[in-house]
Amino acid sequence: MDQMKTGKFIAQMRKEQGLTQSQLADKLFISNKTVSKWETGKGLPEVSLMLPLCEILGINVNELLTGEKIPIAEYKEKAEENMMNLVQEAQESRKKIILSAVVAFSAVLSAAPLVVVSGMFEMPVAARIALIAIALIVIVIGIAVACILDRDAGAFECSKCHTRFVPTMSAYVNGAHTITRRKLKCPNCGCKSYCKHVLTKSK
C-alpha cells in the first residue's frame, strides 16, 4: 500500500468535490492537520473514518486504499491485491521484530566475554578500560539497531482513537514500555497513552 499515492488521490478527489482541507475536516469532525497528514502521505485515515471519507469523496474503500479509480472489471483483482499487501506488510514487520530481538541478544552476548576477561585476568588499567569501553560500544550499537528495526516494524495504535502511526525515534526511545505497548502521544487525538504495537500501518 502506497501512502503517498493514497494521499495524492485523497487530495485530487477532495479538489474534484470543490472542498478545502478545512471543509473536509469539518465534515469528518477532525482537524485540517489530520487531512494534511493524509494528503502528504504521512498517515492513513483510521478505519472508522474510511467509510464517511469515501462517501464525501464519492469513492469506495478499495479505491481509497489503492489510490486510484478502479474500473468495475478490476475491482476484485485490486481488492485481492490490497489484502495481499497487508499480509506481506505483516510478515515483513514480524521478521523485523524477530531480527531486532536477535540483534539485541547478540550484542549483549558478544560484549559479555569482554567484560568477563577484563575482570578475570591481570592486565594494565588502560587495557581493562579499553575492553569495557568496546563492550559498551557493542551493546549500545546493538540496542540502537534493534530499536530502529522494532520502531519500523508495523506501527503503534492509539488506545483512545485507534489511529495507527509510526512515532519519531526520540518519542520511541523515551516512551515507557511493556513487551507489546509503549507510552506515546497520538498525532491524531493528542492523547498520551500506552499504544499497542501492531504489524501493519493500516487495518
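The values are calculated or read from the model by the stated rules, or taken from the named source; none is laboratory data. Small disclaimer: the values here were computed from a predicted structure and weren't measured. All Cβ positions, even for glycine, are placed from backbone atoms using ideal geometry, and neighbour counts span all protein chains on display.
Here is how the numbers come out for the structure above:
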| item | result |
| --- | --- |
| Residues of the stretch 1-58 classified as under 19 Å from the mean Cα position of the chain (by Cα) and assigned to a loop (DSSP other than H, G, I, E, B), total | 9 |
| Residue satisfying condition, being over 21 Å from the mean Cα position of the chain (by Cα), surrounded by 13 or more Cβ atoms within 10 Å (Cβ to Cβ), without any contact (Cβ under 8 Å) to a residue 60 or more places away in the chain and more than 30 Å from K69 (Cβ to Cβ), within set A133, A112 | A112 |
| Verdict on V173 being outside the structural domain of C189 (by TED's automatic domain parsing) and in a helix (DSSP H, G or I) | no |
| Filter result (closer than 16 Å to C186 by Cβ, touching a helix residue (DSSP H, G or I) at 6+ places or on another chain (Cβ under 7 Å) and either surrounded by fewer than 19 Cβ atoms within 10 Å (Cβ to Cβ) or β-branched (V, I, T) (or both)) within the stretch 37-48 | none |
| Yes/no for E16 being at pLDDT below 90 and either of a type in the set (D, E) or exposed (fewer than 14 other Cβ atoms within 10 Å of the Cβ) (or both) | no |
